[in-house]
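To keep things clear, I will list the structure first and then write my remarks on it.
What follows draws every value from the coordinates through simple rules; no lab data is involved. Predicted model, so just to flag it, every value in this text is computed and none were measured. Backbone-built Cβ (ideal geometry, glycine too); neighbour counts: all protein chains shown.
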Amino acid sequence: MAYFVTGATGFIGQHLVQRLLGRKGTVYVLVRRQSRDKFAEMRERWGHRGRRVIPVYGDLAEPHLGVSLADRKRLKGKVEHLFHLAAIYDLKAGAEEQEQANVLGTDHAIQFAAAVKAGCFHLVSSIAAAGQYRGTFREDMFEEATGLNHPYFRTKHDSEALVRKRCKVPWRVYRPGIVVGHSQTGEIDKVDGPYYFFKMIQKLRQTLPAWFPLVGFEGGYINIVPVDFVADALDHLAHLAGHDGECFHLTDPRQRRVGEVLNLFARSGHAPTMAFRLDPKLFEFVPPGVSKSLTHYKPLQQMIDTILRDLYMPRDVLRFSNWQTRFDSTQAQRLLEPAGIRVPSLEDYAWRLWDYWERHLDPDLSLDRSLAGAVRGKVVLITGGSSGIGLAAAERCAAAGAKVIIVARDPEKLEAARAQLAERGEVHAYACDIADPAACDGFAKQVLEKFGGVDVLVNNAGRSIRRSIDLSYDRFHDFERTMQLNYFAAIRLTMALLPTMLERRGGHVVNISSIGVLSNAPRFSGYVASKAALEAWTRCAAAEFADRGVTFTIINMPLVRTPMIAPTKIYEQMPVATPDDAADMVAEAIIARPKRIATRLGLFSEVFYLAAPRISEVMMNTAYKMFPDSSAAKGDAKDKPKDSTPTPEAAIFASLLRGVHW
């Protein structure tokens, strides 16, 4: 006995060939000449039995599968079973591409089967051949298919029609459900079907705790089967006598909703699940005119496209998430039952599918998540780069291969920093007080003339004043100079560099804010207000340039041990972050480009204030009384000893709320 298999190097094909090798006979497989290496790898996986797998070179797009006349004569009368699996199973493929592979390819396979006088032609079709039929689609149904306007559905239906009407040798048709990975290993070769939702589930896990209840949708029906079941079923049904001219549904007899399946995978990925799922019937009450208007509403479609792009999800997935077709597989089940071939329960192997995807197919695995991958060969400008956070971040970027530009006021400190950084990579230093509008404009012009533009701008330079409002009535200039550097200078420099970023359709701006904006830290009203203004501008700019290639990140930096906090002696006795800790946050901002980076304490402070503003205010007032103004803030000539040592209560408070400005 001999077999002939098209699509043998495909996912289902590999497993089917392995099953056929468990029987006697030779297995001929159609192989394109450019796929020789892939076939050789497959042959090794089949072990010593792979010697019985013989390649026949050809091409699906050519008449008689492109198989030479000599090979057709050699195979004539030898092929007992011809399995035609080669096709495109991909919602993202274009209509013409699917027409060529699914319809024309099947026509050529039928020609070849007649030429070699095959004993039986086995078409591996798909449940997509039913289109979007509303109700239960039986195995003996075909012409009843409806909703075939999508090219994938239409071409699967048309290819099956060719077999039914034009195949001159006995034939059988198999319609697998949505084929996922192996139920024992989870292995699969590509992202398709329910896998498109995995990135969304992963992002939910990263954002919310597993116990957080979500409101979702019930969706339509989805029929999932593992590849090992499909291969076992094909092998068994093909060898049963007396079933030519029949169709078999290789589907799960349990009818599952999309919402139920997503919850299964969410549990497998330790993500929050949908505690409440909206029945799709609720949306039937929406007037058709309203639904049609929404589908053509451009702003809404732009939002949807952006979300789908971030989730690596093709738009057509949404179209079929409300699929109302159910599939009856009574005939196939009856024939498979004596052999003990059953569809395994998804609950038993969903975790294997998730685990394999996260280890091997997660799109983010192919991304270079290193700082070098983000900045190598690119221009990175860091303000306030002569010390503290700026110097630590500049050192990281230089070591990662960036062309680093540092700017600061003090020429001596700047030169010392440049000399230190020169050992790590390419560094350019500019002495400039960017708080001076004219100097800032001149500096930006120099940078643009020499480098042509900046890829990453880190607005780090800042001024902090720790002084209660009680001591500031006659010091309004403190608020003005703080705003001048922390807000106006940062925005002025950013706006000078933005045009070239927009021309290149690429650029990233990292604005260093403060945890004080989230916690409403007392004694820092001037500093926090300036950083809050910077945040507000950043959010507005991000919205304006969201579709133009320029991105923005806000970092709510905790208290860091830098020269900026040195005048406050009490900080010497308190736990604070190091410049290296801060540089880690800057590196994360450059690599991942998130909207915001903040410590958990910072985020908690913001949520706590929104949920219970009065209690949050009382807590901040308690801290305000616990940590006094420094002698410098009071205007004393010398620091008093009592100011440099916090009370035991204050030390405990600072330890519990590490990083908050007090």
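Here are a few things to note about the model shown:
- Taking every DSSP bridge with both residues inside the chain, close to 5 percent are antiparallel.
- Under 5 Å, built H, 5+ apart or other chain: amide partners of Arg277: Gly216
- In this Cβ point-charge picture (+1 for Lys and Arg, -1 for Asp and Glu), the chain has a dipole of about 1140 debye about its Cα centre.
- When each of the peptides 364-374, 5-15, 126-136 is scored by how many other beta carbons lie within 10 Å of its residues on average, the order from highest to lowest is 5-15, 126-136, 364-374.
- Pairwise Cα distances in the range 412-453 exceed 16 Å for 48 percent of all pairs.
- Its residue count N sets the reference 2.2 N^0.38 Å, and the alpha-carbon radius of gyration of the range 131-269 equals 1.25 times that reference.
- Under the Karplus curve 6.51 cos²θ - 1.76 cosθ + 1.60, θ = phi - 60°, whole-Hz ³J(HN,Hα) for the range 343-353, x wherever Gly or Pro sits: 6, x, 5, 4, 4, 7, 10, 4, 5, 5, 5
- Cβ-derived FRET efficiency at R0 22 Å, Arg309 paired with Arg369, nearest 0.05: 0.70
- From phi via Karplus (6.51, -1.76, 1.60), per-residue ³J(HN,Hα) for the range 521-532 in Hz, x at Gly/Pro: 5, x, 6, 10, 4, x, 5, 5, 4, 5, 6, 5
- Near Ile406, once Lys and Arg are set to +1 and Asp and Glu to -1 for all other residues with Cβ below 13 Å from its Cβ, the sum equals +2.
- Net charge contributed by nearby residues that have their C-beta within less than 15 Å of Asp37 (K/R +1, D/E -1): +4
- Seen from Ala161, the other residues with C-beta closer than 12 Å to its C-beta sum to a net charge of +1, counting Lys and Arg as +1 and Asp and Glu as -1.
- The Asp362 and Ala536 beta-carbon pair, evaluated with R₀ = 35 Å, returns a calculated FRET efficiency of approximately 0.50.
- Three semi-axes of the equivalent ellipsoid, the chain, Cα gyration tensor, whole Å, largest first: 65, 28, 22
- With helices as the sole contributors, the chain gives -12500 deg cm²/dmol at 222 nm; each DSSP H run of n ≥ 4 counts as -39500 (n - 2.57), and the sum is divided by every residue.
- Measuring how big the range 8-158 is from its alpha-carbon positions, Rg and Dmax come out at 16.4, 49 Å.
- For the chain, averaging the sequence separation of C-alpha pairs within contact (under 8 Å, six or more residues apart) and dividing by the residue count gives a relative contact order of 9 percent.
- Binning the alpha carbon pair distances of the range 2-366 at 20 angstrom intervals from zero yields the distribution 28, 57, 15, 0, expressed in whole percent.
- Long-range amide H partners of Phe248 with built H, under 5 Å: Val173, Tyr174, Arg175
- Dividing the alpha-carbon radius of gyration of the range 412-540 by the rule-of-thumb value 2.2 N^0.38 Å gives 1.18.
- With 0.36 nm allotted per residue and the present C-alpha distance subtracted, the Leu471-Glu62 stretch has 138.6 nm of extension available.
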